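Peer 1: Questions regarding the structure given below will be posed in turn.
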Protein chains: 2
Amino acid sequence: MPKVNSEDQILSLLDAEFPRRHPGLILGRGDDCAEFFSASPLAVSSDLFLEHIHFRRSYFTAEEVGYKALAVNLSDLAAAGAYPSGFSLNLICPPALDSAWLAAMFKGMAALARECDLPLVGGDISAGASLGLCITVWGGSRAGVSGPEAPGAFLRRGAQEGDVLFLLGPQNPWDACSLGLAALGLEVLEKYGRAAIKDYPEACAALLSPKPMLSAGQAMSSLLLEPGWAGRPAPLKAMDLSDGLRRDLPRLLGGFQQQLAAGAVFAPENCRTAASLGAGLTFTVENLHPELTAYHAGLEQKALGMALSGGDEYALLCACAPEKMDFLRKTLAERGGAPALQILGLVTEREGIRWQGIRLADILPGTGFDHFEV
Amino acid sequence: MPKVNSEDQILSLLDAEFPRRHPGLILGRGDDCAEFFSASPLAVSSDLFLEHIHFRRSYFTAEEVGYKALAVNLSDLAAAGAYPSGFSLNLICPPALDSAWLAAMFKGMAALARECDLPLVGGDISAGASLGLCITVWGGSRAGVSGPEAPGAFLRRGAQEGDVLFLLGPQNPWDACSLGLAALGLEVLEKYGRAAIKDYPEACAALLSPKPMLSAGQAMSSLLLEPGWAGRPAPLKAMDLSDGLRRDLPRLLGGFQQQLAAGAVFAPENCRTAASLGAGLTFTVENLHPELTAYHAGLEQKALGMALSGGDEYALLCACAPEKMDFLRKTLAERGGAPALQILGLVTEREGIRWQGIRLADILPGTGFDHFEV
């Protein structure tokens with residue numbers, strides 16, 4: 001197959017998949033800057049997706065690489081309840097990359113972009129030692145609401161004691177919890193390559209082509225504007241599980257402090273400090289996905305460990321006041337894309353995270369995934 | 001010196017240099033998304049800055065790497081006359097990177113960010129084989145003007161026949177044209193390392209720490225709102241010279257078609273098609289920077305070749321109706337940061353680019369810089 005040998009060639013491959021015109025664009029790619037009509041406030045997320053770090057071409061198809069690079073960014077907007085409206089792509093292109101492969105990668109990305117009506121508005125292309133994508137995606141925080149009243153409502157507080165902890169993910173035939181599924185996908189794909197898909201189809205799909213839970217996040221953020229929601233302010237919080245439950249759950253529990261540290265400008269009324277909050281996880285090994293328990297057959301603790309620490313998971317981890325759960329379920333069914341809702345447990349006043357009463361630190365050694373751990 | 005060994009360590013180095021709070025931010029970095037109050041229209045630019053491709057640590061200081069990574073992105077906003085309001089940083093961190101080096105890189109970047117009152121609002125960090133930065137920067141297209149009337153005015157057309165072609169760059173003591181200066185900087189730094197700075201201080205500075213011409217670009221775009229500017233609509237166009245004059249000038253001359261191809265939504269009234277436009281360059285070898293002519297002493301054609309093809313140049317290449325030049329000079333002096341304005345020549349009806357009547361193709365072989373040229 002012909003190799004990529006010019007920037008113009010890459011640009012024409014891009015043009016074949018990504019239209020340059022879009023009603024929201026004033027000036028698309030090809031000039032110094034792109035210009036577009038913007039919502040305010042605007043949510044923005046930017047992520048790296050690098051070969052050998054985040055994916056391997058040995059078991060990702062080109063389409064899956066393109067799809068997932070965009071999907072993981074959209075997942076961040078989903079967690080903020082935002083409405084994506086555009087993205088930019090920076091591409092690091094290794095020597096002798098097959099141009100048909102690159103065209104297929106753009107095709108996979110463009111399919112998701114079309115699904116979300118998302119124009120590619122610019123970016124950069126450079127040669128480099130290994131393949132890498134850096135995508136920045138942005139969107140309005142809330143459809144049809146702007147100004148200081150709109151922003152951050154979805155993020156206005158961390159969890160509170162008694163809140164229900166749950167996951168929103170894609171439906172699956174077993175109504176099983178997806179925790180650990182992408183980590184299993186990684187393990188079996190690394191071991192067996194794409195042959196693993198035969199025995200572990202959903203685990204591999206969770207790793208290769210995760211679904212960003214945009215409709216669910218948007219439905220959650222829209223709830224806060226509903227008259228039926230009156231009561232505790234903003235009794236919702238969501239984040240995606242890219243680093244795994246054991247690392248991301250403390251962030252959710254400490255959400256309010258974290259948001260203040262991050263420069264949040266909203267007032268802390270009705271927010272208690274969450275420094276001492278903990279969580280009691282009530283799901284059982286039986287709730288885990290059958291592919292996960294089959295892989296760890298007879299080794300329940302291994303399955304549980306993978307469920308508690310596995311990252312690269314793009315279900316939304318959420319906390320909500322228990323009396324609001326019925327209303328929330330109804331809304332998700334009506335306009336949230338009817339995601340699977342898996343109850344994980346409750347927010348507790350007692351510090352620390354416990355699974356079935358056992359401290360997580362006693363179940364799992366180590367501190368979770370870090371790119372730079374030595 | 002200690003090596004970087006955790007993501008948290010990198011985050012605390014970032015926190016030391018980049019404040020998390022800013023009046024424009026609703027939610028800064030640390031959550032899934034950043035959220036900020038946005039202008040509309042919004043201009044956005046995203047660029048890669050990769051070791052061994054765009055810089056070398058052998059002759060860039062850490063501060064210069066951090067500074068330039070942000071500066072080249074700001075230059076794109078400058079060319080659009082935009083007002084930067086935030087940026088995100090994606091960092092690819094190689095094994096065993098010295099943490100003091102990384103802290104100094106953040107310091108260099110933060111100095112420029114402070115100068116522009118620009119919050120760092122998010123991004124991503126990953127391990128990788130070699131050091132890389134991917135920055136996305138955004139800002140309002142025009143201060144205090146928003147809605148469909150504001151956008152793109154600065155970009156509304158390409159050049160027209162008879163327009164004056166000129167460069168806006170930093171002042172220098174010789175009032176010399178900066179064309180080719182960064183290319184010379186690259187050549188001598190590659191040859192002699194930082195020892196080259198002694199003999200070629202301005203050439204090295206042009207490569208190591210280019211100034212984004214933000215005030216000049218903003219003053220130019222603000223001109224279009226002035227009563228004194230009435231007449232031809234939008235008789236201005238600017239771009240930066242990152243790929244060199246011989247590649248970028250045809251883009252300026254073909255600007256209108258290019259903008260339409262890029263998805264521009266404005267109407268083509270008063271815009272003639274520029275397919276047949278050319279340029280007559282009138283500057284002489286004597287106008288070039290003394291460091292450039294000294295390096296190529298006795299070899300005028302070499303100096304000229306470097307001036308015509310050298311890239312990585314962040315002066316703004318502009319075209320303006322001749323009768324508006326006085327007003328433009330006055331505005332630039334008053335509120336454009338008083339840049340050096342170097343006349344390069346005129347836009348001609350005759351196709352092709354000529355220097356002193358000689359076709360560029362006859363002076364220079366090849367087609368200019370391409371990362372993927374084979």
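Peer 1: Which whole-Hz ³J(HN,Hα) couplings does region B:192-207 yield from phi under the Karplus relation 6.51 cos²θ - 1.76 cosθ + 1.60, θ = phi - 60°, glycine and proline marked x?
Peer 2: Once θ is set to phi - 60°, the couplings for region B:192-207 become 10, x, 5, 4, 5, 4, 4, 8, 10, x, 6, 5, 5, 4, 4, 7 Hz.
Peer 1: Additional query: Counting only other chains, and only Cβ atoms inside 10 Å, what mean value do you get across the residues of A:114-123? It would help to have the intermediate numbers written out before the result.
Peer 2: On the way: counts 0, 0, 0, 0, 0, 1, 0, 4, 8, 7.
For peptide A:114-123, the averaged partner shielding equals 2.
Peer 1: Shifting gears a bit: Where does each of B:26, B:343, A:353 land when they are ranked from fewest to most other beta-carbon atoms within 10 angstrom? Don't skip to the answer; put the middle values down first.
Peer 2: Working: B:26 27, B:343 15, A:353 23.
Fewest to most other Cβ atoms nearby, the residues stand as B:343, A:353, B:26.
Peer 1: Sticking with this one: Would you please give the residues with an amide H less than 5 Å from that of residue A:3, counting only those at least 5 places away or on a separate chain, with H modeled from the backbone geometry?
Peer 2: It is A:99, by chain and number.
Peer 1: So how compact is region B:290-341: Cα radius of gyration and Dmax in angstrom?
Peer 2: Over region B:290-341's Cα set, Rg and Dmax evaluate to 15.2, 40 Å.
Peer 1: So, one more: Reachable aspartates and glutamates from residue A:191, Cα under 14 Å, same-chain residues fewer than 8 places away excluded?
Peer 2: Reachable aspartates and glutamates: A:199.
Peer 1: If you don't mind, there's one more thing I want to ask. Any chance you could check the Cα centroid distance between region A:183-203 and region B:98-119 for me, in angstrom?
Peer 2: Region A:183-203 and region B:98-119 have Cα centres spaced 42 Å from each other.
Peer 1: For residue A:61 and residue B:161, what does the FRET efficiency come to when R0 = 45 Å and r is the distance between their Cβ atoms, rounded to the nearest 0.05? Before the final figure, lay out each step's value.
Peer 2: On the way: r = 51 Å, r/R0 = 1.13.
Computed FRET efficiency for residue A:61 and residue B:161: 0.30.
Peer 1: While we're looking at this one, here's another question. For region A:283-292, in order, what is each residue's ³J(HN,Hα) by Karplus, 6.51 cos²θ - 1.76 cosθ + 1.60 with θ = phi - 60°, in whole Hz (x at glycine and Pro)?
Peer 2: With the stated coefficients, region A:283-292 comes to 5, 10, 4, 5, 6, 6, 5, x, 5, 6 Hz.
Peer 1: So what are region A:7-140's ellipsoid semi-axes, whole angstrom, largest first, if each one is the square root of 5 times an eigenvalue of the alpha-carbon gyration tensor?
Peer 2: 23, 17, 12
Peer 1: Okay, next question. Within 10 Å of each residue's Cβ, count the other Cβ atoms and sort B:174, A:138, B:101, B:355 from fewest upward. Walk me through the intermediate numbers first.
Peer 2: Values: B:174 12, A:138 32, B:101 17, B:355 23.
In increasing order of surrounding Cβ atoms, one gets B:174, B:101, B:355, A:138.
Peer 1: On to the next question. Return the long-range amide H neighbours of residue B:125 (sequence gap of 5 or more, or a different chain), with a cut-off of under 5 Å between placed amide H atoms.
Peer 2: The list, which skips near neighbours in sequence, is B:91.
Peer 1: In debye, nearest 20, what is the charge dipole magnitude of region B:1-122 about its Cα centre with +1 on Lys and Arg Cβ and -1 on Asp and Glu Cβ, if you could check? Please list the in-between numbers first.
Peer 2: Numbers: 9 positive and 15 negative charges, 45 e Å.
Around 220 debye, computed over region B:1-122.
Peer 1: To continue, here is another question. Sort A:295, A:67 by Cβ crowding within 10 Å, fewest neighbours at the top. Display every interim value, and only then the final one.
Peer 2: Values: A:295 19, A:67 25.
Result, fewest neighbours first: A:295, A:67.
Peer 1: Tell me which residues come under 5 Å, amide H to amide H, from residue B:344 once H is placed; ignore anything under 5 positions away on its chain.
Peer 2: It is B:165, B:166, B:167, by chain and number.
Peer 1: Additional query: Would you mind pulling out the separation of the Cα centroids of region A:1-65 and region A:275-321, in Å?
Peer 2: Computed from Cα coordinates, the inter-centre distance equals 34 Å.
Peer 1: Setting aside same-chain residues fewer than 8 positions from residue A:3, which aspartates and glutamates have a Cα under 16 Å from its Cα?
Peer 2: The reachable aspartates and glutamates, counting only those whose Cα sits under 16 Å from residue A:3, are A:98, B:370, B:373.
Read-outs: derived from the displayed coordinates by stated rules, not from any lab. What you see is a predicted model, and the numbers here were worked out from it, not measured in a lab. For neighbour counting, all protein chains shown are included, and Cβ atoms are generated from backbone atoms with ideal geometry for every residue, glycine included.
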